[in-house]
Amino acid sequence: MNDILFRGGRAFLAAGAFAEAVLVREGRIAAVGSETEVVRRAAPGHDTVDLGGGLLIPGITDSHMHPVMAGLERARCDLSQVSGLPAYLERIVAYAEAHPDREWVDGGGWDMAAFPGGLPHRSQLDFLDRPAYIIQRDHHAAWVNSAALRRAGVTRDTPDPADGRIERDPDGTPSGVLHEGAMDLVGLLTPRPTAQDLTDALLDAQNHLFSLGITGWQDAIVGSYAGSDDQLPTYVSAAASGRLRARVVGALWWDRTRGAEQIPELLERRRSAENLERFRATSVKIMQDGITENFTAAVIEPYCRCGGTGLSYVDPALLKGYVAELDRHGFQVHFHAIGERAVREALDSFEGTDPANRHHIAHLQIVEPSDVPRFAALGVTANLQPLWATHQPQMDELTIPFLGEERASWQYPFADLLRTGARLCAGSDWPVSTADPFQGMHVAVNRTEPGGSAHADYPTAQTPFLPGQSLDLAAVLTAYTAGSARINHDDEAGTITPGNRADLVVLDRDPFAEPAAEIWRTRVAATFVGGEEVYRR
């Protein structure tokens, strides 16, 4: 393998430091510095990558995403690329007509903001000649038709499961929306993907992520959840065969209907992925609550207008013991926590754990101010999904009115977390939202909707959302690179440092040299993993 010299622009090294040129040798960073100095160290016959005035950055690690789910949705009835009920129905009709042999119409990607009150209805899908099961974009609800409800035997007499809710018409008839654990009432009846389907989905997702500069990730659900299928064998097979070229950590799913008796099974699942170069199953995902829009996020004071304080899926009285045992076994714990009560319950469970395990809490939509400094004090990383911190229909019409003014001001406190010493990492939650990290970075810096998004023209979309919580570009880029690589215990990635692996991304511009309002326009020109080019635009 020839040396590779990157020149003709700047390289973002780490924490806001830059260099003129970078040399790669045998898959590692060999030299960093001025162009004159680095060229002198290049071997004869080296290859040159001209940055063309763009920026070279470390490979991005997405700290919370679901690529196999995303790949499956891309192969089914995918609504994520369109907006509004008419467009949804057009795509559903086209999918049904294109696949007359399929027993179900299934897929995902619909947005709550497309429907009054955030709720579609079964009648809107009852024109179909077969059952339909379409997952909401954030995977916390499903839209089904009457045929699907009949197939599942779900009626007005069916009780809500402990971890979910059946949305109902005034007379008690299921309306066609199943929240959280209620999704399984229908979802488990849908056709299961084959092993080849899962592999194809992973490899399709990997190619898409390389095109966005993402060279590694943490898959936030490796297990069976809401009708999904266990991806662990898929990752193990792809890694063993060399088809998985990204570097991935799988967060093993904590079954919230069970307790500590599942830990030996988690240990065995971790062992099944040992000795693989590109994949490890060293994290455990605990989903502690739901989401604010359907009132399942765990909050301290009742929601305005509707009452209720949401759901804590794992009993807080037992949670600390579970986390302590996982910590003793060397697992990293990866929490989903949206509401301020869930965030507090997660932080409480981390008291006395080993910071070396690099525990983290994802989403962090609402954090009570007194809990913000606890992240640094406990050595817990704040795992940010920045794209959601804007004014858009879901925020302005479905969230803020039910949180109240004070609690709404506690949302996505990125700057406060950084100011109080918290470590940050960042991810997308794809396919809940786009995997494009530059869209997320744009929001973290500007707290406004990126141009070109479905809601960019919403009346308040360009009004900064709690602008005092914005980050500068160096901080958020560091979160997506060094911060997220650290969460994956990948200490040879995330910074352009001599000796580190050459997981590198060439950008088509230098976003530091352009207005912050243009960050969203950034595109990837080329992606390298271990010095090998895996994508070129």
The long-range amide H neighbours of R423, using H built 1.01 Å from N in the peptide plane and a cut-off of under 5 Å, are A382
If one compares the long axis through the Cα atoms of helix 195-210 with the longest principal axis of the Cα atoms of the chain, the angle in degrees, nearest 10, works out at 50
Taking max minus min of the Cα coordinates of region 158-243 on each principal axis, largest first, gives extents in Å of 55, 25, 19
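Which shape class applies to region 151-305: rounded if a/c is under 1.5, otherwise prolate when a/b exceeds b/c and oblate if not, where a ≥ b ≥ c are the square roots of the Cα gyration tensor eigenvalues?
prolate
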For region 195-487, the Cα gyration tensor yields equivalent-ellipsoid semi-axes (√(5λ), largest first, whole Å) of 29, 24, 18
With Rg from the Cα atoms and Rh as the Kirkwood inverse mean 1/r over Cα pairs, region 232-347 has an Rg/Rh of 1.08
Binned at 10 Å starting from 0, the alpha-carbon pair-distance distribution of region 301-452 in whole percents comes out as 11, 39, 36, 14, 1
Neighbour-count ranking for D457, D503, D255, D230 (other C-beta within 10 angstrom, fewest to most) reads D457, D255, D230, D503
Region 35-61 and region 480-537 have their Cα centres apart by a whole-number Å value of 13
Taking a ≥ b ≥ c as the square roots of the Cα gyration tensor eigenvalues, with a/c under 1.5 meaning rounded and otherwise prolate when a/b beats b/c or oblate if not, region 122-163 comes out oblate
Most packed first (mean Cβ within 10 Å per residue), the peptides 177-188, 91-102 order as 177-188, 91-102
Here the alpha-carbon Rg of the chain over 2.2 N^0.38 Å rounds to 0.95
Note to self, the chain gives a 222 nm [θ] from helices alone (DSSP H runs n ≥ 4, -39500 (n - 2.57) apiece, / all residues, nearest 500) of -7000 deg cm²/dmol
The answer for G530, listing residues at least 5 apart or on another chain whose modeled amide H is closer than 5 Å to its amide H, is A502, D503, L504
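We did not get these values from a lab; they are worked out from the coordinates using the rules stated. The structure displayed is predicted, hence computed values, not measured ones. With ideal geometry, Cβ positions are generated from the backbone for all residues, glycine too; neighbour counts draw on all protein chains shown.
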